[in-house]
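Please read the structure below before turning to the comments.
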Amino acid sequence: MTERAFSEHSFQTFLSEHKLMAAKCEGCGALFVPPRPMCPDCHGEEMAWVEVSGKGKLAAFTAVYIGPNAMIAAGYDRKNPYMTGVVQLDEGPLISAQILGLDAAQPEVGSIGTPLKVAFIERGEEEAQRTFLAFEA
Amino acid sequence: MTKRKLGRGVAVVGAGMSKFGAFPEKTTRDLFVEAFKDMRASVDKGLDANDIEALYIGNYSSDLFERQGHTAPIMADWIGLTPRPATRVEDACASSGVALRQGLLAVASGAYDVVLVGGIEVMNKLPIAEVTEALATAGDMLYEIPAGFTFPGFYAAMATAYMHRYGATPEALMQVALKNHDNGALNEKAQFNSTIAAVMEGKRRSAEKKGRPIPTWANEMEFLHDDRANPMIAWPLRLFDCSPVTDGATAVLLVSEEIARQYTDDPITIIGSGQASDGALHDRPDLTSIGAAKKASQMAYEMAGVTANDIKVAEVHDCFTIAEIIATEDIGFFEPGKGHEAAEEGLTTRHGPKPINTSGGLKSKGHPVGASGAGQAVEIFKQMRGKAGERQVDRDVDLALTHNVGGTGQTAVVHIYERK
Ligand SMILES: [Zn+2]
């Protein structure tokens, strides 16, 4: 058990520790990744942190050829597209993440359903250093 | 849930829009005045601007696009309507569809008899990379955008889920672009007032003029498959699957049904309205449809007491080609998974059984995000009154529908219109 608030700040702190954490509703048992400070299903107020397996499958994806500034800074462009998508965790919740290990230059719709496991990408230096959630085929 | 009814009848008696396009020399004020004048000219028996009691203005983000906040009172001032209450409504790309609903509810409540609904957005003041960043803030900045999603990326992800489940092809998406450009070619207010064949011809002529090799596309499909002419943006969506970056404004005049005939003998009544909200894309159990749009449609149909079969024409939110296919299913025109076949079979053309986006849609008419929802009502007002010119559908339009989505479906708003 940990005292961390059910916030983006805490979720991000866990990511920096290479942990994928969910908030579990003590009332109805629903699981939330990203975490919620209050259960949107039953409106209960008691939440608890649980670590999830980090295993899931690809539910939807795209290969981005024109990315936002942050991804351009990370080295991606038209000649070097990246994949991002929605991953369904084995425990149920879905989450957005960068997708690694599939060829972004040769995407195929058939990749949907591919088993994935959690990965953590470190970008930026010193103060600007941040861990990004990813999943890898 | 109890079946909801409006407190009293509300009619559209005027609707207009500015030209849509890229206007470096114009601000939202200029375009809104243009839309207001076009709306006023459409009121058959004339409008004394002083009759207007309140304004609801849809605007996504003049703050980010123009560094101007607090835009609603400025619009009231620019058309000489201060001190009347002027309220800005923001729900991303559904801003003015929701402003229309707010205006509708205000008149239905009896608080006002005459309300002006507007939509404004000027997007071309920013470089394209900054436009992408500004639009991204309609997604979830904490959990979606850091994953690398862009707006084309969100809809591309929905496209992959849809294609995987239903076997749809990129060619079905291309049919949506071809159709909407065909319609937009007949709309002088459209940003892309030309067919894709005409776009190809323009590119051939330009190559010839510059002494470059003249492209040899055999037909539109070959052009749309050309990576140079139609580059990939977010696979499987290419440039011509995306609506453009647009400056534009729209204006719709709502009045209580009791006084509608003071303004026209041919009013259009809004008989159904529905609006719904949802979480981020990754919070939804089904990525092949937009739950909020289904819910909003259901609410609107229930209020109106009609079904999808009764609707003759619809303007739907085709920010991307896949969005139109999904929309035609969410409003009940086609069964889930059948929208792509309907597009390929031409069922949604002007001459088909279910005409969609006769205006050219956001794809060809343009998508000044906060102005697009009210812009849909402008086309419906024209089609229902037989005033859509060359693009007028060849049947009596007694019932029509608009479907406006914010973000990836965090907001959806649907209206149903009747000509009595
Ligand atoms: Zn709960």
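Computed quantities for the displayed model
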item: Check on residue B:157, within 9 Å of chain A (Cβ to nearest Cβ) and under 24 Å from the mean Cα position of the chain (by Cα); result: yes
item: All positions within the stretch B:226-244 that are touching a residue at least 12 places away in the same chain (Cβ under 8 Å) and either assigned to a helix (DSSP H, G or I) or touching a Lys or Arg at 6+ places or on another chain (Cβ under 9 Å) (or both); result: B:229, B:240, B:241, B:242, B:243, B:244
item: Some residue of the stretch B:331-347 being β-branched (Val, Ile, Thr) and touching a helix residue (DSSP H, G or I) at 6+ places or on another chain (Cβ under 6 Å); result: yes
item: Within the stretch B:86-101, considering residues that are buried (at least 17 other Cβ atoms within 10 Å of the Cβ) and out of contact with any Gly (no Cβ under 7 Å at 6 or more places or on another chain), the one farthest from residue B:32 (Cα to Cα); result: B:101
item: Residue tally, condition within 25 Å of residue A:20 (Cβ to Cβ) and within 7 Å of chain A (Cβ to nearest Cβ), over the stretch B:119-154; result: 11
item: Identity of the residue in the stretch A:17-28, touching a residue at least 24 places away in the same chain (Cβ under 8 Å) and open to solvent by less than 10 Å² (accessible area, probe 1.4 Å), that ends up nearest to the ligand (Cβ to nearest atom); result: A:23
item: All positions within the stretch B:11-30 that are touching a Gly at 6+ places or on another chain (Cβ under 8 Å) and either charged (D, E, K, R) or in a strand (DSSP E or B) (or both); result: B:17, B:19, B:21
item: Checklist (1) closer than 19 Å to residue B:8 by Cα; (2) touching a Pro at 6+ places or on another chain (Cβ under 8 Å) applied to residue B:82, failing item; result: (1)
item: Matching residues in the stretch B:225-235 - criterion: being within 14 Å of chain A (Cβ to nearest Cβ) and open to solvent by 10 Å² or more (accessible area, probe 1.4 Å); result: B:227, B:228, B:231, B:232, B:233, B:235
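This table checks each residue for (1) within 11 Å of another protein chain (Cβ to nearest Cβ); (2) touching a helix residue (DSSP H, G or I) at 6+ places or on another chain (Cβ under 7 Å); (3) surrounded by 14 or more Cβ atoms within 10 Å (Cβ to Cβ).
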| position | (1), (2), (3) |
| --- | --- |
| A:97 | yes, yes, yes |
| A:104 | yes, no, yes |
| A:107 | yes, no, yes |
| A:112 | yes, yes, yes |
| A:119 | no, no, yes |
| A:129 | no, no, no |
| A:132 | yes, yes, yes |
| A:135 | yes, no, yes |
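Table: residues versus (1) away from the ligand (no atom under 16 Å from the Cβ); (2) open to solvent by 50 Å² or more (accessible area, probe 1.4 Å).
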position	(1), (2)
A:12	yes, no
A:15	yes, no
A:30	no, no
A:37	no, yes
A:46	no, yes
A:49	no, no
A:52	yes, no
A:61	yes, no
A:67	yes, no
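The values are calculated or read from the model by the stated rules, or taken from the named source; none is laboratory data. This one's a predicted model, so the numbers in the text were calculated from it and none came from an experiment. Because the Cβ atoms are built from the backbone with ideal geometry, glycine has one as well, and the counts that use them run over all protein chains shown. Quick note on the areas: whole protein, heavy atoms, side chains included, nothing else; ligands and nucleic acids left out. Shrake-Rupley method; radii C 1.70, N 1.55, O 1.52, S 1.80 Å.
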